[in-house]
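All remarks here apply to the structure that follows.
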Amino acid sequence: MKNLANFLFEVGMLKRTPRTGFQFLGSGAESVAEHSFRTAIIGYTLAQMDGGVDVARVIQLCLFHDIPEARTGDLNYVNKKYVQVDESRAVNDLAEQLPFGEDYRKSLTEFNAKETPEALIANDADQLEMILALKERKDLGNRYADEWYPYSIERLKTEAARQLAASIWSTDSSKWWFDDNRDWWIRGREHP
């Protein structure tokens, strides 16, 4: 049980591990845990749209994909040009401590190999999460978001993800909550 407690504390470290790409974007911030949560929801959505994949497996791949960053930190694309991280060592060290360690190890291997339909969807979910974050920054005036967007699109592997990305990019990120109901925004309640 102590190893499981340690694992859960380690996963908690992701709440305090920043995603470093925002430093180069110049605005925004999120933790690896925030990224992983929305990635899992996106993965669920894409898996449901697909209809032929193991939805639970997609969610698991999404939730596990960045756990090694509790040990290695998050490296953005500039960092990766210069810093060599031994992610497999981080994965193996944690796997040795877990009763489900082999499943954890296989999940990371599957995610990184991008060969199964579930892994392709999970990887697309990872990219779509970044596209959502870019769109949110764009809508707040970040001029670099438009420059980053095409690279994220190129990484998408499924048609559903490409279609969803196009819809994300053409949708105002505040419209889900800030609608045109003038009376509500003035009086704070619906009127018949």
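The values are calculated or read from the model by the stated rules, or taken from the named source; none is laboratory data. None of these values were measured; they are calculated from a predicted model. Because the Cβ atoms are built from the backbone with ideal geometry, glycine has one as well, and the counts that use them run over all protein chains shown.
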Practice prompt. Kindly provide the set of residues from region 22-48 that are modelled with pLDDT under 95 and either out of contact with any helix residue (DSSP H, G or I) (no Cβ under 7 Å at 6 or more places or on another chain) or of a type in the set (Asp, Glu) (or both), ordered by number.
Written response: 22, 23, 26, 30
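Among the residues of region 152-187, count how many are surrounded by 12 or more Cβ atoms within 10 Å (Cβ to Cβ) and under 22 Å from the mean Cα position of the chain (by Cα). Can you show your working first?
Taking region 152-187 and keeping what is surrounded by 12 or more Cβ atoms within 10 Å (Cβ to Cβ), we get 152-153, 155-158, 160-166, 168-169, 171, 173, 184.
Remaining after also requiring under 22 Å from the mean Cα position of the chain (by Cα): 152-153, 155-158, 160-166, 168-169, 171, 173.
Final tally of qualifying residues: 17.
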Item to complete: Restricting attention to region 98-124, report how many residues are part of a helix (DSSP H, G or I), without any contact (Cβ under 8 Å) to a residue 12 or more places away in the chain and of a type in the set (D, E, K, R).
Response: 3
Worksheet entry | Complete set of residues in region 11-56 that are among the small types (Gly, Ala, Ser), without any contact (Cβ under 8 Å) to a residue 40 or more places away in the chain and out of contact with any strand residue (DSSP E or B) (no Cβ under 7 Å at 6 or more places or on another chain) | 12, 33, 36, 51, 56
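Results for (1) in contact with a Cys (Cβ under 9 Å, 6 or more places away or on another chain); (2) in a helix (DSSP H, G or I); (3) surrounded by 15 or more Cβ atoms within 10 Å (Cβ to Cβ), shown as yes or no for each residue.
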residue	(1), (2), (3)
23	no, yes, no
34	no, yes, yes
39	yes, yes, yes
47	no, yes, yes
59	no, yes, yes
Practice prompt. Examine region 150-159 for a residue that is part of a helix (DSSP H, G or I), out of contact with any strand residue (DSSP E or B) (no Cβ under 7 Å at 6 or more places or on another chain) and touching a residue at least 40 places away in the same chain (Cβ under 8 Å), and state whether such a residue exists.
Written response: no
Discussion item. If residue 74 satisfies all but one of (1) surrounded by 14 or more Cβ atoms within 10 Å (Cβ to Cβ); (2) within 28 Å of residue 7 (Cα to Cα); (3) out of contact with any Pro (no Cβ under 7 Å at 6 or more places or on another chain), what's the number of the condition it fails?
Written reply: (3)
Worksheet item: within 26 Å of residue 168 (Cβ to Cβ) and surrounded by fewer than 16 Cβ atoms within 10 Å (Cβ to Cβ), is that true of residue 139?
Response: yes
Response to the item:
Taking region 118-155 and keeping only residues that are closer than 28 Å to residue 108 by Cα, out of contact with any Lys or Arg (no Cβ under 7 Å at 6 or more places or on another chain) and polar (S, T, N, Q), one is left with 152
